[in-house]
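The values are calculated or read from the model by the stated rules, or taken from the named source; none is laboratory data. It should be emphasised that the depicted structure is a prediction, and the values quoted were computed from it without experimental measurement. Cβ sites come from the backbone with ideal geometry, for glycine too, and all protein chains shown count toward neighbours.
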Amino acid sequence: MRVLSTVPWTLRRMSRDYLVLLLLLGVPIVLLSLFSYLMGNAMAESGRLLFHDTAQQMIMSFQLFSGSVVMSYLYYDLFTEKRMRIFTLPFNKSLYAFSIMLCGTVYSLVLGVLLMTYAQLVLGVVWEHWVWMSYNLLLLSVVSSIVSLILMFSVRSFKTAERLTEIYGVGFIVLAGLFFPMPDNAVMNFLGSYGNPLTLSDGAVTAMANGEAGEAWLQANVLAAASLVLFPLMLLLGRRKMR
Amino acid sequence: MTIASLQGVVKRYGTQLVLDGVDLDLHEGEILGLLGPNGAGKTTLIQTLTGMTPVDRGTINLFGDDRHPFSHANREKLGLVTQEITVFDELTARENVLFFAGVYGIKGEEKKRRAAEALAFVGLEDRADKRPAKFSGGMKRRLNIACALTHRPRLLIMDEPTVGIDPQSRNHILEAVTRLRDRGTTILYTTHYMEEVQAIASRVVIMDQGQIIQEGTVDELVRTIQHEEKVSIDVTDASLVDRGRLEQIAGIKQVTVHGNKLTVISAAGAGNLDRIITIIKEQTGLVGIQADKPNLEDVFLTLTGKQLRDKEEGS
């Protein structure tokens, strides 16, 4: 398992990628602080701080873009000029690709947890279920990574894949109705509920906070099932592309 | 002893024949210089020898194994210095070397020791904890080499390792290559710089259009064209010289122009120098004239009809 020896270095590389840190940590911190200031102590119908729900959705939303990190590292290591050197190394290339995916997912989870910590310690949001929220951040990150890789393996140009992942991220935020209300019809309702990873993870966390454990597990399991269904497709396309 | 060999290797990309029945042996402890114009098939040859590109026909034998030449065990004995700089910008020089050492299964204190040794070998020990993003081109290339050395490969493949660097770094790299050879490493060295091959290679292979067209030591190759004479003539304005008239002189094989320098290759003993000078004086001013001994570049030019650095000079 020579690939294991690369994991600390991949994580170190990601943690030193200042552009990613700015986009997935710096920008959310600024936005969270701004929204906290604007919303003040306004209360929601649920009796919680209105900002609590906003912070939760915002932290979840940024997980949708975590796949871009995985995609970019995988691309630069296995599909650019580095490819030739990596391919001569005595390890399994598919496992190396998988290790990058895992590192990206863990890295994204850590950034999400840092945002949660900031929201709680600095902005006064009290997270009822840290572990459950983290679990859902992880699921969202896994699904986003898989979707991003499927997009990358499916198209010729990396630039196109980047644009598609942006559409995926922004698209599901829009479909979740976070920017403006969506039309009320069956398709839109599905894409704004069980067909939307962001709504699923957000719904799972909210349901658990409201004491509806059954509904919370249902939503989280749909997300987990989505990743299980998409994973073989990603594997198939990835193996074909790496050949 | 043969450490690696290709026999009858054929590789096509679509309808394009890139390697056309290549036979090549690499002997233990030698530096084999691989020369060829752009598109000759050098990089494809390296890709097949490292297992990155499967061949359409022929066999590859690596370290005596032609059934599974690219097994992990064989890959552990192989080092590759790529033409492009393939280090991680987010890691320091030491961390880059440690990354590759780990992949080759080197652990603990030995890994740190080997990393320090590799960095010292390429003269980067004082930059070990700096990131390559701030390195000069030459330093990046040296780090690129260090990454391929930590596991002490038996066979090191270097694909144009000195492209675009300063003379000081080039000398450093060439010295390092020679020291590696002295330690017993076999090296396959491709380059566009003929003088590098002439300085370090024990044997030279010239490729063109997917085929090996000549091989031997530098002296052996030069002897193959000693039936020719080369004269370099500096003129005041080469554009005024009618090359056609020169080429019509008996015994002349080739006339090339670089700036205001004309290079004329004639059959040995043609005795046509007076006639050449007369024609040139009729058309432009004669600045100087020099008779050269044939070198590797002349061999290359004679065999392929191409300048090795055509593309680079044009860009």
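Could you count how many residues in the stretch A:209-243 are farther than 14 Å from residue A:172 by Cβ, under 20 Å from the mean Cα position of the chain (by Cα) and not β-branched (Val, Ile, Thr)? Residues meeting the conditions: 17. Going by what's in this entry, would residue B:86 be described as within 23 Å of the chain's Cα centre (by Cα), part of a loop (DSSP other than H, G, I, E, B), surrounded by 18 or more Cβ atoms within 10 Å (Cβ to Cβ) and facing chain A (nearest Cβ under 9 Å)? So residue B:86 passes the test. Tell me whether the stretch B:172-185 contains one or more residues that are within 14 Å of chain A (Cβ to nearest Cβ) and crowded, with 21+ Cβ neighbours inside 10 Å. The answer is no, given that none of the residues of the stretch B:172-185 is within 14 Å of chain A (Cβ to nearest Cβ) and crowded, with 21+ Cβ neighbours inside 10 Å. Within the stretch A:23-36, residues that are more than 15 Å from residue A:123 (Cβ to Cβ) sit with their Cβ atoms under 8 Å from residues that are outside any helix (DSSP H, G or I) and hydrophobic (A, V, I, L, M, F, W, C), at 6+ positions apart or across chains, in these pairs: A:23/A:65; A:24/A:65. When each of B:123, B:138, B:105 is tested for being in a loop (DSSP other than H, G, I, E, B) and away from every other protein chain (no Cβ under 11 Å), the lone residue that passes is B:123.
Evaluated against (1) within 20 Å of residue B:3 (Cα to Cα); (2) at the interface with another protein chain (Cβ under 10 Å from one of its Cβ atoms); (3) in a loop (DSSP other than H, G, I, E, B); (4) touching a residue at least 24 places away in the same chain (Cβ under 8 Å), residue B:55 falls short on exactly one condition, (2). Among the residues making up the stretch A:156-176, those that are surrounded by 15 or more Cβ atoms within 10 Å (Cβ to Cβ) and either part of a loop (DSSP other than H, G, I, E, B) or among the polar types (S, T, N, Q) (or both) are A:165, A:176. Out of curiosity, is residue B:25 more than 10 Å from chain A (Cβ to nearest Cβ), more than 15 Å from the chain's Cα centre (by Cα) and farther than 19 Å from residue B:184 by Cα? So residue B:25 fails the test.
Using the structure shown, decide if residue A:91 is buried (at least 18 other Cβ atoms within 10 Å of the Cβ), farther than 21 Å from residue A:202 by Cβ, in contact (Cβ under 8 Å) with a residue 24 or more places away in the chain and out of contact with any Ser or Thr (no Cβ under 9 Å at 6 or more places or on another chain). When the stated conditions are applied, residue A:91 does not pass them. Exactly one of (1) surrounded by 20 or more Cβ atoms within 10 Å (Cβ to Cβ); (2) touching a residue at least 24 places away in the same chain (Cβ under 8 Å) is unmet by residue A:58. Its number? Tallying (1) surrounded by 20 or more Cβ atoms within 10 Å (Cβ to Cβ); (2) touching a residue at least 24 places away in the same chain (Cβ under 8 Å), residue A:58 fails exactly one: (1). The single residue among B:66, B:20 that is loosely packed, with under 14 Cβ neighbours inside 10 Å, at pLDDT below 95, closer than 25 Å to residue B:203 by Cβ and away from every other protein chain (no Cβ under 14 Å) turns out to be B:66.
Residue-wise test of (1) of a type in the set (S, T, N, Q); (2) in the same structural domain as residue B:46 (by TED's automatic domain parsing); (3) farther than 30 Å from residue B:30 by Cα; (4) in a strand (DSSP E or B).
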| residue | (1), (2), (3), (4) |
| --- | --- |
| B:205 | no, yes, no, yes |
| B:245 | no, no, yes, no |
| B:257 | no, no, yes, yes |
| B:279 | no, no, yes, no |
| B:299 | no, no, no, no |
